[in-house]
1. Among the residues of region 94-114, how many are of a type in the set (S, T, N, Q), over 23 Å from R81 (Cα atoms) and assigned to a helix (DSSP H, G or I)?
2. Count, please, the residues in region 122-139 that happen to be under 20 Å from L16 (Cα atoms) and modelled with pLDDT of 85 or more.
3. Kindly provide the set of residues from region 19-33 that are within 16 Å of L53 (Cβ to Cβ) and either among the charged types (D, E, K, R) or open to solvent by 40 Å² or more (accessible area, probe 1.4 Å) (or both), ordered by number.
4. Restricting attention to region 163-183, which residues are among the charged types (D, E, K, R) and open to solvent by 100 Å² or more (accessible area, probe 1.4 Å)?
5. Can you tell me which of I167, I85, I144 is assigned to a loop (DSSP other than H, G, I, E, B), of a type in the set (A, V, I, L, M) and touching a residue at least 12 places away in the same chain (Cβ under 8 Å)?
6. Can you tell me which residue is modelled with the highest pLDDT among those in region 6-18 that are surrounded by 13 or more Cβ atoms within 10 Å (Cβ to Cβ) and farther than 16 Å from L175 by Cβ?
7. Within the bounds of region 186-194, is there any residue that is under 26 Å from L16 (Cβ atoms), open to solvent by 80 Å² or more (accessible area, probe 1.4 Å) and modelled with pLDDT under 90?
8. Considering each residue of region 34-49, count those that are at pLDDT 80 or above, in contact with a helix residue (DSSP H, G or I) (Cβ under 8 Å, 6 or more places away or on another chain) and open to solvent by 80 Å² or more (accessible area, probe 1.4 Å), and give that number.
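The values are calculated or read from the model by the stated rules, or taken from the named source; none is laboratory data. Note that the structure is a prediction, hence the values are computed from the model and not measured. We place every Cβ from the backbone using ideal geometry, glycine too, and count neighbours over all the protein chains shown. The protein model used for the area step is the full one, side chains on, heavy atoms only, and it has no ligands, DNA or RNA in it. Shrake-Rupley method; radii C 1.70, N 1.55, O 1.52, S 1.80 Å.
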Amino acid sequence: MNSLSLPIVHPAFEKLKRAGSWLHIAAGLLILTHAISHFHQPESTPLYFWCQLLISLDIFILVLAGRNLLEQLPRVNLFFRLVEILFFLGISAIQFSGGTWPSAIVHLCLSIGYVYLLYCEHKISRDSEECLSFHHTGVTVPGIPESRFFIWSNINQVDAYNDSIRIETSLDQTLHFGLRKNLETEELEQIHEFCRHYLKSES
C-alpha cells in the first residue's frame, strides 16, 4: 500500500479564507483613520499623509474590485498582508518613541496578530497543506496553525464515504471533512485496506 492524500474542505481553512477580506478592510480603515487624524495635526507632513491614504485606497480596491484575485494569486494577498504588518509595526514604534504606551501596545498587538494571520494564510496557500493523508504510520490531518499526526493506535475508526471522511480518535475527537472530489473506487478500497490492516476493521 502506498500513502494516499485526499484534498479536503477544511472548515477552519474556509473560515479563514472568508475572514481574510474583512481583515484587509479592517486594516484599510485603520490606516485611513491614521491618515485623517495625522492630517489634522499641526506637525503633519503631506508625504506621510498621502502614503497612508494611497495604501488604504490600494487595500480597498484590492478587496472590492479583486476579491477573486486574492484567492487566485495568493502572493498578492500575502504582499498586502505584509504591508499591513509593517504599517502597524511602524505606528507602534513611532508611538513608543513618543511615549504613548497604551496605543503603541495596541498597535504592536495588531501587528503580532497580522503576523499570525500571514503565517496561517501562507500555510493554506500551499495546496499540499489542505490534504488528509493516510500513511503506514498513521494519518496526517491538516490544521491551523499546524497539521496534526495521529498514529494508528490513536485512531478508533475511519468511515469513508464517496464525498466525505469521518475519523474517530482515542481522545474522543470526531473529525469530519468533506472531500473536494468524490473518491474513486481504487481510493476507497485503499482506505479500506489501511483500516483492515491497522484497525482490524472495515472503514
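1. So in region 94-114, the residues of a type in the set (S, T, N, Q) come out as 95, 97, 100, 103, 111.
Restricting the remaining residues to those that are over 23 Å from R81 (Cα atoms) gives 97, 100.
Now restrict to residues that are assigned to a helix (DSSP H, G or I): 97.
Matching residues across region 94-114 total 1.
2. First pass over region 122-139, keeping only residues under 20 Å from L16 (Cα atoms): 122-132.
Keeping just the survivors that are modelled with pLDDT of 85 or more gives 131-132.
Going through region 122-139 one residue at a time, the tally reaches 2.
3. If the condition is that a residue be within 16 Å of L53 (Cβ to Cβ) and either among the charged types (D, E, K, R) or open to solvent by 40 Å² or more (accessible area, probe 1.4 Å) (or both), then L29, L30, L32, T33 are the ones that fit.
4. Filtering region 163-183 down to residues among the charged types (D, E, K, R) leaves 163, 166, 168, 172, 180-181.
Listed by number, the residues that qualify are D172, R180, K181.
5. Working: I167 fails: assigned to a loop (DSSP other than H, G, I, E, B); I85 fails: assigned to a loop (DSSP other than H, G, I, E, B).
The match here is I144.
6. That would be L16.
7. If we filter region 186-194 for residues that are under 26 Å from L16 (Cβ atoms), which is where we start, we get none.
Looking for residues that are under 26 Å from L16 (Cβ atoms), open to solvent by 80 Å² or more (accessible area, probe 1.4 Å) and modelled with pLDDT under 90, one finds none in region 186-194, hence no.
8. Residues in region 34-49 being at pLDDT 80 or above, in contact with a helix residue (DSSP H, G or I) (Cβ under 8 Å, 6 or more places away or on another chain) and open to solvent by 80 Å² or more (accessible area, probe 1.4 Å): 0 in total.
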